[in-house]
Amino acid sequence: MLRTALLSLALVACGKSSEPAKGEHAEHAAKAAPSAAKDPAAAKKLISEGAVVIDVRTPDEFAEGHLPQATNIPVAELPQRLGEIDALVKGNKAQPVVVYCAAGGRAGKAKQALDGAGYSQVVNGGGLDDLQ
């Protein structure tokens, strides 16, 4: 009986049009977790206005080159180092924060982690090359 119900549910779900209604994807995405997509233009603007800048690459990558105002906090260490970020924003979680890495993937993960920790203005700047 349960198997039949699950199969019926699966068939109904598969029977929906594969073409979403106009705006359906965007609407669903807006309801999902905050976007971690990179936005170098917004990041550059925020950096020019004094945003906190965090390079989430490894220390070795950071040593090879980084933005002059960046603080290196590798994405893997981010949960344990939230206190440092709190100090950088002087306790103001509404302070703009730009995160970047080599291409934007790790920065996206960092953005999601910071969003989850209550920081309200975090932007994924993408990769170092996007911001130079």
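The values are calculated or read from the model by the stated rules, or taken from the named source; none is laboratory data. Everything numeric here is computed off the predicted structure, so don't read it as measured data. Every residue, glycine among them, receives a Cβ derived from its backbone with ideal geometry; neighbour counts consider all protein chains shown. Calculation scope for accessible area: heavy atoms of the full protein, side chains included, ligands and nucleic acids excluded. Shrake-Rupley method; radii C 1.70, N 1.55, O 1.52, S 1.80 Å.
The set of residues in the stretch 84-96 being closer than 16 Å to N124 by Cα and either touching a Leu at 6+ places or on another chain (Cβ under 7 Å) or part of a helix (DSSP H, G or I) (or both) consists of I85, P96.
Within the stretch 123-132, the set of residues being under 8 Å from the mean Cα position of the chain (by Cα) and open to solvent by 10 Å² or more (accessible area, probe 1.4 Å) comprises just one member, V123. Just so you know, in the stretch 33-90 the residues that are of a type in the set (D, E, K, R) and in contact (Cβ under 8 Å) with a residue 24 or more places away in the chain include one that is nearest to L131 (Cα to Cα), and it is K44. If the condition is being farther than 16 Å from A42 by Cβ and of a type outside the set (S, T, N, Q), then the stretch 106-127 contributes R106, K109, A113, G116, A117, G118. Filtered by the rule that a residue be outside any helix (DSSP H, G or I) and crowded, with 24+ Cβ neighbours inside 10 Å, the stretch 99-122 gives V99, Y100, C101, V122.
Scanning the stretch 33-83 for residues that are part of a helix (DSSP H, G or I) and of a type in the set (D, E, K, R) yields K44, K45, D60, E61, E64, E77, R81. Being within 16 Å of the chain's Cα centre (by Cα) and among the basic types (K, R) is the filter; apply it to the stretch 43-98 and report the residue that is surrounded by the most Cβ atoms within 10 Å (Cβ to Cβ). Looking at the filtered set, the residue picked out is R57.
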